[in-house]
Amino acid sequence: MSVLVYINNSYSELGKVQFSLISYAKQIAEYNKLQLILCLHQSEDVKSFDFGLYGCNKTIALTHSDMCELNTIKLALSDIIIRENSKFILFENISTSQNLAARLSVIHKAAVLTGITSLPLSYSPLIIQKSIFSSKLLASYKLSNSINFFCVKTDFKINDTYNINSENIEYNLVSEQNVDMKIEAKDTRINLSDANFVLSGGRGMQSKDNWYMIDDLAELIGAAKACSRPISDLGWRPEEEHVGQTGKFISPDCYVAIGISGATQHIAGVSSSKTIISINIDEKAPIFEYSDYGIVADALELLPEIINKLNSK
Ligand SMILES: Cc1cc2nc3c(=O)[nH]c(=O)nc-3n(C[C@H](O)[C@H](O)[C@H](O)COP(=O)(O)OP(=O)(O)OC[C@H]3O[C@@H](n4cnc5c(N)ncnc54)[C@H](O)[C@@H]3O)c2cc1C
């Protein structure tokens, strides 16, 4: 029997969030005397890290070509859950993982909980807490399913003091015809969760065609890129870049919100940033209430000016 951790590392390098999730999973595995199995996409990460130090008994690299459908990953994970007799399946608390967990929970008649913030309070019966109402309250859940899917908001101490001879295997993904959501493997990998400087765009960017301004500026200043939820819903940017209540929680040194109104659901994911700078055309935009520095300007005029200035240096 096992605890399975799934991390989609095709977008970003492994960082403290992912290792924190593994350490969280290890504590569940140890308490229940279960094997810890890690499932990743990039096989280079499997080769370059010794996951035995983090307590993993086995690491499975999902191998695939550039594009991979969510349905294909779902079927592969479902197969691995059966083979490895997984009782707890843990994900990062991001929307693509929540989507996967929901689909898998139907197949395995399992419980699925998102927004988990701590280890189970007890295992017999299984009681665990999750945050509700934009992280304002904690609710306790008593679960009686034999398989449980948890999407975890990770901020747990990383433990890399194990000495396990971790087995590495490759699992070849076979593409499905029934494609409903694609996850694109990227060469240029950014780690939004760990970034110190984040440039984030919202609906005020007006169109996907204007996103090159954020791309160019981010490259010039070495920032990671993020977006508000409508932007990923519209398909302008990948799900992995969406921050907020239903996306990533980030705490960079500096978060720049460009054309973002400042809805509470967005702020929930970025309020731990040390400094927030916002650019908005509307001086009454709520984002200014949360900002250390606010610039009232048309982003579509201001960004090219900043880029030109930086390029001419
Ligand atoms: C259950 C639930 C969960 C949600 N989870 C999330 C979440 O995780 N993350 C998230 O982001 N949202 C989330 N939302 C959506 C959230 O409520 C807002 O709708 C969303 O954050 C708004 O995105 P936005 O600021 O990009 O767009 P808008 O609210 O449309 O704001 C666009 C802003 O751009 C400004 N603007 C327009 N043109 C320009 C210009 N040329 N230059 C500069 N500024 C300009 C406008 O003044 C405006 O302030 C959630 C909603 C619900 C109901």
List the number of the failed condition for SER122; all other conditions in (1) within 24 Å of the chain's Cα centre (by Cα); (2) more than 24 Å from THR264 (Cα to Cα) hold. (1)
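Those residues that are in contact (Cβ under 8 Å) with a residue 40 or more places away in the chain and over 23 Å from the mean Cα position of the chain (by Cα), I need them from the range 131-169; list them, please. Please lay out each step first, then the result.
Quick first cut of the range 131-169, residues in contact (Cβ under 8 Å) with a residue 40 or more places away in the chain only: 134-135, 146-169.
Residues satisfying the conditions are SER146, THR161, TYR162, ASN163, ILE164, ASN165, SER166, GLU167, ASN168, ILE169.
Is it the case, given these coordinates, that LEU21 is surrounded by 20 or more Cβ atoms within 10 Å (Cβ to Cβ) and outside any helix (DSSP H, G or I)?
On the way: surrounded by 20 or more Cβ atoms within 10 Å (Cβ to Cβ): yes; outside any helix (DSSP H, G or I): no.
Judged against the criteria, LEU21 is not a match.
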Filter the range 244-282 for residues that are exposed (fewer than 15 other Cβ atoms within 10 Å of the Cβ), free of Cβ contacts under 8 Å to residues at least 24 places away in the same chain and within 11 Å of the ligand (Cβ to nearest atom) and give the result. ASP282
Take ALA297 and tell me if it is surrounded by 16 or more Cβ atoms within 10 Å (Cβ to Cβ) and either in contact with a Ser or Thr (Cβ under 8 Å, 6 or more places away or on another chain) or without any contact (Cβ under 8 Å) to a residue 60 or more places away in the chain (or both). no
TRP236 is checked against (1) hydrophobic (A, V, I, L, M, F, W, C); (2) outside any loop (DSSP other than H, G, I, E, B); (3) without any contact (Cβ under 8 Å) to a residue 40 or more places away in the chain; (4) under 28 Å from GLN98 (Cβ atoms) and fails just one. What number does that condition carry? (2)
Considering only the range 207-223, how many residues are surrounded by 12 or more Cβ atoms within 10 Å (Cβ to Cβ) and either within 14 Å of the ligand (Cβ to nearest atom) or closer than 19 Å to VAL296 by Cα (or both)? 6
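Okay, residues lined up against (1) out of contact with any strand residue (DSSP E or B) (no Cβ under 9 Å at 6 or more places or on another chain); (2) within 23 Å of SER232 (Cβ to Cβ); (3) buried (at least 19 other Cβ atoms within 10 Å of the Cβ):
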site: LYS47; (1), (2), (3): no, no, no
site: THR63; (1), (2), (3): no, no, no
site: ASN71; (1), (2), (3): yes, yes, no
site: ILE81; (1), (2), (3): no, no, yes
site: THR96; (1), (2), (3): no, yes, yes
Any residue in the range 1-30 that is farther than 13 Å from ASN93 by Cα sitting within a Cβ distance under 9 Å of a residue that is at pLDDT below 85 and among the basic types (Lys, Arg)? List the pairs, counting only those 6 or more apart or interchain. ASN9/ARG189; SER10/LYS186; SER10/ARG189; TYR11/LYS186; TYR11/ARG189; SER12/LYS186; SER12/ARG189; GLU13/ARG189
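Give ALA226, ALA299, ALA285 a once-over and let me know the one that is touching a strand residue (DSSP E or B) at 6+ places or on another chain (Cβ under 6 Å), assigned by TED's automatic domain parsing to the domain that holds GLY204, near the ligand (Cβ under 7 Å from one of its atoms) and more than 18 Å from LYS136 (Cα to Cα). Talk me through it step by step, then tell me what you get.
Numbers: ALA226 fails: near the ligand (Cβ under 7 Å from one of its atoms); ALA285 fails: touching a strand residue (DSSP E or B) at 6+ places or on another chain (Cβ under 6 Å).
When all the criteria are applied, what remains is ALA299.
The values are calculated or read from the model by the stated rules, or taken from the named source; none is laboratory data. Computed from a predicted structure; not experimentally measured. So basically every Cβ, Gly included, is an ideal-geometry build from the backbone, and we count neighbours across all protein chains shown.
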